[in-house]
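Below: one structure, written as structure tokens.
The values are calculated or read from the model by the stated rules, or taken from the named source; none is laboratory data. From a predicted model like this one, the values you see are computed outputs, not experimental measurements. Ideal geometry is used to build each Cβ from the backbone, glycine not excepted, and the neighbour counts take in all protein chains shown. Areas reflect the complete protein model, heavy atoms only, side chains present, ligands, DNA and RNA absent. Shrake-Rupley method; radii C 1.70, N 1.55, O 1.52, S 1.80 Å.
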Number of protein chains: 2
Amino acid sequence: MPLRMSSLFVRSLKEDPADAEVASHKLLHRAGYIRRSAPGIYTWLPLGLAVLRRIETVVRQEIERAGSQEVHFPALLPAEPYKASGRWEAFGDLLFELKDRREGDYLLAPTHEEVFTLLVKDLYGSYKDLPLSLYQIQTKYRDEARPRAGLLRGREFIMKDAYSFDLDDEGLDASYHAMREAYVRIYDRLRLPYVIVEATPGAMGGAGTEEFLYPSAVGEDTYVRTAGGYAANVEAVTTVAPEPVAWTDTPQAHIEPTPDTPTIATLVDAANAQQPREDRPWTAADTLKNVVVAVTHANGEREVMVIGLPGDRDVDLDRAEGTGRLGDGEIAVEPATEADLAGLPQLVKGYIGPGISLEEPFLGLEGASGLRYLVDPRIADGTRWVTGANQHGHHVFDLVFGRDFVADGTIEASEIRPGDEAPDGSGPLELARGVEIGQVFKLGRKYAEALGLTVLDENGKSRVVTMGSYGVGVSRVMACIAEEYHDDRGLIWPQHLAPADVHIVATGKDASIFETAEALTAELETRGLRVLLDDRPKTSPGVKFGDAELLGIPTVLVVGRGLKDGNVELRNRADGTSADVAVADAVAAVVDQVDAGYALVGDSRTTYLV
Amino acid sequence: MPLRMSSLFVRSLKEDPADAEVASHKLLHRAGYIRRSAPGIYTWLPLGLAVLRRIETVVRQEIERAGSQEVHFPALLPAEPYKASGRWEAFGDLLFELKDRREGDYLLAPTHEEVFTLLVKDLYGSYKDLPLSLYQIQTKYRDEARPRAGLLRGREFIMKDAYSFDLDDEGLDASYHAMREAYVRIYDRLRLPYVIVEATPGAMGGAGTEEFLYPSAVGEDTYVRTAGGYAANVEAVTTVAPEPVAWTDTPQAHIEPTPDTPTIATLVDAANAQQPREDRPWTAADTLKNVVVAVTHANGEREVMVIGLPGDRDVDLDRAEGTGRLGDGEIAVEPATEADLAGLPQLVKGYIGPGISLEEPFLGLEGASGLRYLVDPRIADGTRWVTGANQHGHHVFDLVFGRDFVADGTIEASEIRPGDEAPDGSGPLELARGVEIGQVFKLGRKYAEALGLTVLDENGKSRVVTMGSYGVGVSRVMACIAEEYHDDRGLIWPQHLAPADVHIVATGKDASIFETAEALTAELETRGLRVLLDDRPKTSPGVKFGDAELLGIPTVLVVGRGLKDGNVELRNRADGTSADVAVADAVAAVVDQVDAGYALVGDSRTTYLV
């Protein structure tokens, strides 16, 4: 049965949604693919569901090719496993929490590591059961503070999440590699451009992770790349530390009054005026600013500490989170609040510094402040700084790292800038925006340990299983495909993902036009094509063409004016071409064009009959 | 790729779940089809998911054949539409409610009438857009007080819900009929026995409804049927009222002391001893008991009222609910509580009666008690009763309905008993148990009115749309199929719904056995069959055969001992037969048996490639 515009539940709309900023949001709404039910929560209409199912099929086929088996977990889960892993707390406001009628704590799962771990623990117990890979395509929930851009950041969304279970690290490496390869095939088959970037594990914890990003200005993620092939999420970039400098010629550190220097710029001016360097003028990069932050540890403890970084760099606390450098993987790092500072009268606001000599440190675990002190890697041995003197209106000059002060460690908490050096030496970094469409994670033993997933090995000894976790944002991917394939007039789906293979537009008043369109529809259906037929008897040609362009099925067959000369018009919305074809040749021409579209990614129409 | 027992994520278990009472729960658990995540909440394992998908395909194909279009709604919905319809209150504790981070009220939808209504209101506005039918297969949530029996009554479950939209009652009748026919086809294709019974609308509201019940002793629903073809849910049975009786010969009503008559039986004995009837002895059916109940109306008001019924009948308040006789369709009826009674000192516990004469009524809106009074239809004109005299230790005798007391109306609130007359005159009722597997509803204009769904008619006049709602409990249906098709040793799936077409069991030590099994697997796969191969090298034949019986794929091919004679054994778990087949003929024999299984319901294997 063809889809018929006369009865299909779809309405093309002229107005964009009030809050729409990006093309995919506007077009999927206006073309009647999705409809908003609440902020970040959408209903799938028939055409939207058809495209979604195609994307799911691609994902399912490639994940199963990688040896993963499909299961399906509830969305509504008891809180206990998430309390055991620490994520009931760690997810914070992102969790939709609720109670059942017996006052039991439940959640709408944002991701399923805990319960997959428990399921395998429940049924498996021997090294012979491993390796194992399980996946599901399932609805997830995250109570985003700012749901935006339609399907790009929803509060209810569809995700493919897979989990691997291995006996040892080599096994995990192999599982991770297999899934990463499956992801490459998935995005290739979806014709969605992507970059694979190093990432940081964040609240997930774990050992190593990469993200698949769709490069796009509408993305919320910033990543870096170099001409030499390096790519990373900004959180994952490591700063190239300068070589140690000899400090033999550097003058003794000295405290000077610095009135009226409320900003780095005024401090630099004052420094050049009062205490000029012998070799070159001071710059903002020679000032050391010390930022007080509060770290929430996985066990819930809040630690106030100080981060030192060059004064010319903005602080980027996202980069400090989840790097494992602050004690563990599950932390929040935020600016210290007034309440945090109230308990620390020893800090002189605007003039915090590490102290003037190694004998009398102020910051650092050995220092008078008692606060942990981590510094940007640019604060390297022998580097020379202007910084706060821990007295109001005074700074220290010529303070040398290693000679006059030390830190408890380094931290990545400075912004990344274009032109910074890539850590692998492949050249200066470029910054770009992208949408996260997938992530592959080596979780390691974190969840297995927290929830007691062990197996007996060959020698009957209990061993903790090592895990990986692998996500594809299925509904978000659909939005990205719409971002990538559209023009001013509407969507332009890749042929194999379109909600129908061909859109037949019957325009005109002559009964023979509609009869021919019906006959071609029937013939194309016997050839196995999915047809959308615009059979509306009284709708104007302009509206019909406009709808065809908005809906975005790439192969359009127009049965209209040309019919009196025995011709129909075959359009290809993907390349903008069109050609008159004799009615007798129309079916073959349509089949050829459609099949060529599938062949672009190595598929055929039967690939989707599964 | 075949499923292989050596790597398939399944474990057959020896133990039933602790709380399991019914076969489907035990077997789906023990065979590794589902796994409990929380009370009434299950995870689908690979084999369970495979069967579920088959059932979904049958449902989808038949619903679409009836002209319905698939959409997909969120499970997480804002509360407002449900507040507007009154169901936020009416569902009570059944609703899973939650708040988002902005303190907005949300729910996990138990059913979707409200939002389908709003969606159509959102996009449609003309009579030309109708009729319309939409459906989804989606996860629903109900916080059942006593989730039980595995998938039979879950708190998270999969439902197909469809909604029809029509301009007028004739349209609704046609839509209802089309969907009812689709349901007949669905359950026929699923090979699930069913009865169609009249039902009451309950909290849904609406005009007419029928239920599809799977007849089974494990069912929670009681229904009635007659040899003459009548069938109804007990809630929907109407009592056949007796013909009016002349009261000319009935003695005057009189109050008598009746000490020591705490039960109906002792009252009947006392009546026969003290006040014998002239014609026959008094029986329990001659006593009139008056039960105080509390009715919650849709607007939230609680009304205490009295129901009168023959003393030989238990009260059945479920029958009083949702019949529309108590003021509206959205009510709860429960026994009055101590708190309700505390405010009504005029009621003498154990001796409540309607009063002794029409001039001085006690019950009824005109009576001294001020309480509404509804009676069982058996309390007909001229019937003669013994009942409470509204004084401690006293009853009234020879109280005649119509002569000495009246009521505000009748109510169906008595239990139905085997042998009661069917309302259509088709004979005595039989009682039976069943599982509700589907329901078709004429909702009428209730939701459209509450939420403002109107269209303009041919004359440009606004008209309220009339709706129907149609549900199939998809996951529950799977449990019912397991109930219907199993034996002591395990499941026996209908061939076309089985998770694989054939289960090949390779047993023995000879390498040629496994090589032959692999070769037959490959050959059957090229013929398009889905194969589950038990390739476990060291598992005993007993375990393999036990697993094959438990898992329940009806076609089993054993490659074992007989191979030295060139034979394999083809078993049919459905009819218990088995036969030796030459290896060379095995593929053809398997294909024949499998295809015969599909053909039983008119399907072929390609029916499921969609």
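Under a model in which nothing but the beta-carbon of Lys, Arg (+1) and Asp, Glu (-1) is charged, the range A:329-438 shows a dipole of about 340 debye around its Cα centre. Rounded to 0.05, the FRET efficiency of the A:GLN274 and A:GLU359 pair, given R0 = 45 Å and the Cβ-Cβ distance, is 0.95. Karplus-derived 3J(HN,Hα) values for the range A:376-385, using 6.51 cos²θ - 1.76 cosθ + 1.60 with θ = phi - 60°, are 4, x, 5, 7, 9, 3, x, 6, 10, 9 Hz; glycine and proline are entered as x.
Looking at the protein assembly as shown, the pairs of alpha carbons with a distance over 45 Å make up 51% of the total.
With the Kirkwood sum run over all distinct C-alpha pairs, the range B:491-608 has a hydrodynamic radius of 14.1 Å. Annotation: Cα Rg of the range A:414-572 relative to the compact-globule expectation 2.2 N^0.38 Å equals 1.79.
Distances between equivalent label points of A:ALA284 across the copies, with each point positioned 7 Å along Cα→Cβ, amount to 9.2 nm, shortest listed first. Comparing A:ALA294, A:GLY388, A:ALA273 along the charge dipole axis of the range A:254-410, the residue lying farthest to the positive side is A:ALA273, per the Cβ-charge model.
Shown here for the range A:343-402: trypsin sites (Lys or Arg not before Pro) in loop regions (DSSP other than H, G, I, E, B) with at most 10 other Cβ atoms within 10 Å, namely A:LYS349.
Each of A:ALA599, A:LEU49, A:ASN567 was scored by the projection of its Cα onto the charge dipole of the protein assembly as shown, and the greatest displacement toward the positive side belongs to A:ASN567; charges sit on the C-beta of Lys, Arg, Asp and Glu. Work out, in µm²/s and without decimals, the Stokes-Einstein translational diffusion coefficient of the range B:1-125 at 25 °C, 0.890 mPa s, Rh from Kirkwood over C-alpha pairs. The Stokes-Einstein estimate is 134 µm²/s. For the protein assembly as shown, the dipole from Cβ point charges (+1 on Lys and Arg, -1 on Asp and Glu) about the Cα centre works out to 1800 debye, to the nearest 20. Residues of the range B:118-164 whose accessible area (probe 1.4 Å, heavy atoms of protein chains only) drops by at least 50 Å² once all protein chains are present, relative to their chain alone: B:LEU123, B:TYR124, B:ALA145. Element breakdown for the range A:1-133 at a 1.4 angstrom probe: carbon and sulfur atoms account for 46% of the accessible area. On a C-alpha basis, how far is the centre of the range B:252-301 from the centre of the range A:543-605 in Å? Whole number, if you could? Distance between centres, Cα-based: 82 Å.
Of the residues B:THR283, B:THR248, ranked by 1.4 Å probe accessible area with the largest first, the sequence reads B:THR248, B:THR283. Note on surface exposure: B:TYR194, A:TYR351 rank B:TYR194, A:TYR351 by accessible area, highest first, 1.4 Å probe.
Surface exposure of the range B:357-469, expressed per residue as accessible area with a 1.4 Å probe, stands at 38 Å². Note that chain A carries a Kirkwood radius of 27.9 Å, evaluated over its alpha carbons pair by pair. Under 5 Å between amide hydrogens, built in the peptide plane, is the criterion, and for A:ALA75 it picks out nothing among residues at least 5 positions away or on other chains. Ordering B:SER68, B:TYR176, B:PHE545 by the projection of their Cα atoms onto the charge dipole of chain B, which places +1 on the Cβ of Lys and Arg and -1 on the Cβ of Asp and Glu, puts B:PHE545 at the extreme positive end. Mean projected area of the Cα convex hull of the range A:542-610, taken over all directions, amounts to 5.4 nm².
Taken over the range A:254-410, the convex hull of the Cα atoms encloses 106 Å³ per residue.
Straight-line cross-link partners of B:LYS26 among the lysines, defined as a Cα under 29 Å from its Cα and at least 8 positions apart when in the same chain: A:LYS99, A:LYS121, A:LYS128, B:LYS14, B:LYS140, B:LYS160, B:LYS538, B:LYS544. Our compactness index for the range B:233-299, the C-alpha radius of gyration over the empirical 2.2 N^0.38 Å, is 1.54.
Between copies, the label points of A:GLY528, set 7 Å from Cα on the Cα→Cβ line, lie 1.1 nm apart, reported in increasing order to one decimal in nanometres. In a simple Cβ point-charge model (Lys, Arg +1; Asp, Glu -1; nothing else charged), chain B has a dipole of about 2440 debye relative to its Cα centre.
The value of relative contact order for the range A:491-608, using C-alpha pairs under 8 Å at least six residues apart, is 31 percent.
When the other protein chains are added to the chain by itself, burial of at least 50 square angstrom of heavy-atom accessible area (probe 1.4 Å, ligands and nucleic acids ignored) affects these residues of the range B:64-91: B:GLN69, B:GLU70, B:HIS72, B:PRO74, B:LEU76. Once both labels are positioned 7 Å from their Cα atoms along Cα-to-Cβ, the gap between B:GLU170 and A:ASP93 label points is 5.7 nm. Shown here for the range B:197-302: GluC sites (Glu not before Pro) in loop regions (DSSP other than H, G, I, E, B) with at most 12 other Cβ atoms within 10 Å, namely B:GLU278, B:GLU301. Think of it as helices only: each DSSP H run of n ≥ 4 in chain A is worth -39500 (n - 2.57), and spread over all residues that comes to -7500 deg cm²/dmol at 222 nm. When the accessible area of the range B:491-608 is split by element with a 1.4 Å probe, what percent falls to carbon and sulfur? C and S atoms contribute 54 percent here. Suppose a student asked you for the relative contact order of chain B, using Cα pairs under 8 Å spaced at least 6 residues apart; what percent would you report? This gives 17 percent for chain B. The residues of the range A:491-608 have, on average, 41 Å² of accessible surface per residue, using a 1.4 Å probe with all protein chains present. The interface between chain B and chain A buries about 4800 Å² of solvent-accessible area in total (1.4 Å probe, ligands and nucleic acids excluded).
When the residues B:ASP314, A:ASP161 are ordered by accessible surface, computed with a 1.4 Å probe over the protein chains alone, the sequence from largest down reads B:ASP314, A:ASP161.
How many percent of Cα pairs in the range A:17-85 exceed 17 Å? Result: 64 percent of Cα pairs exceed 17 Å. Of the accessible area of the range B:254-410, computed with a 1.4 Å probe over protein heavy atoms only, carbon and sulfur atoms account for 53 percent. Distance from the Cα centre of the range B:166-239 to that of the range B:1-55, in angstrom? Result: 30 Å between the Cα centres.
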